[in-house]
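Chemist: First, the structure itself, so that you have it in front of you.
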Amino acid sequence: MHTALLESLKAHRPKLRTRWEHKLRALPPSSAMAEPDALIHLMDWTLENFFQELTHKARRQQRHLADEPCPCGMNPLLAYFVTAEDALLEIIFTEEKPWLALDPGNRETELAWIRGALQRVASREIGAFCAVCQHRKGAHVHGDQPPKDSPKPACPATDANRKAV
């Protein structure tokens, strides 16, 4: 990672966060957990992890957000990270003087490194959320019929609540 570009991105962190929040609030939430007011509290932590990823010397396998499995599409972090990447690219292409100083071959390499760092953070967080999702493959979802071999609820009220949901 080119040092001047990294320092410039860090200097633009407040503007990046503001643009990211604006973009996130512009999207309709996919669920209650995807409400921007719930997600904006994670932004500083995510940016810290992103900058740590940028400083790693060893290159890791590049992954794309679209490659991440989310069978139900309800993961609130999907839109969260897509808007993060959008805001990041906006900052790079409109604000970054060091970006323009790079020769075109290095620009492509640096852009891949930047996007890869964000996507590695996204991959970990999206995967962690999907791991506990009740909609993941094989999970029992409220309102669905439980598998035939699952035990009946011990309390009749629980069964009535399940039907009401």
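The values are calculated or read from the model by the stated rules, or taken from the named source; none is laboratory data. Everything numeric here is computed off the predicted structure, so don't read it as measured data. Cβ coordinates were reconstructed from backbone atoms using ideal geometry, including for glycine residues, and neighbour counts include every protein chain displayed.
Chemist: Hey, can you tell me all the residues within segment 43-57 that are touching a residue at least 24 places away in the same chain (Cβ under 8 Å) and either closer than 15 Å to LYS23 by Cα or among the polar types (S, T, N, Q) (or both)?
Modeler: Result: MET43, THR46, ASN49, THR55.
Chemist: Keeping to segment 10-21, report how many residues are of a type outside the set (Lys, Arg) and either touching an Asp or Glu at 6+ places or on another chain (Cβ under 9 Å) or touching a residue at least 60 places away in the same chain (Cβ under 8 Å) (or both).
Modeler: Total meeting the criteria: 3.
Residues are listed down the side, and each one gets a yes or a no for (1) closer than 28 Å to GLU110 by Cα; (2) out of contact with any strand residue (DSSP E or B) (no Cβ under 6 Å at 6 or more places or on another chain); (3) at pLDDT 90 or above:
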| residue | (1), (2), (3) |
| --- | --- |
| ALA26 | no, yes, yes |
| MET43 | yes, yes, yes |
| THR46 | yes, yes, yes |
| PHE51 | yes, yes, yes |
| LEU54 | yes, yes, no |
| ARG59 | yes, yes, no |
| PRO71 | no, yes, no |
| ASN75 | no, yes, no |
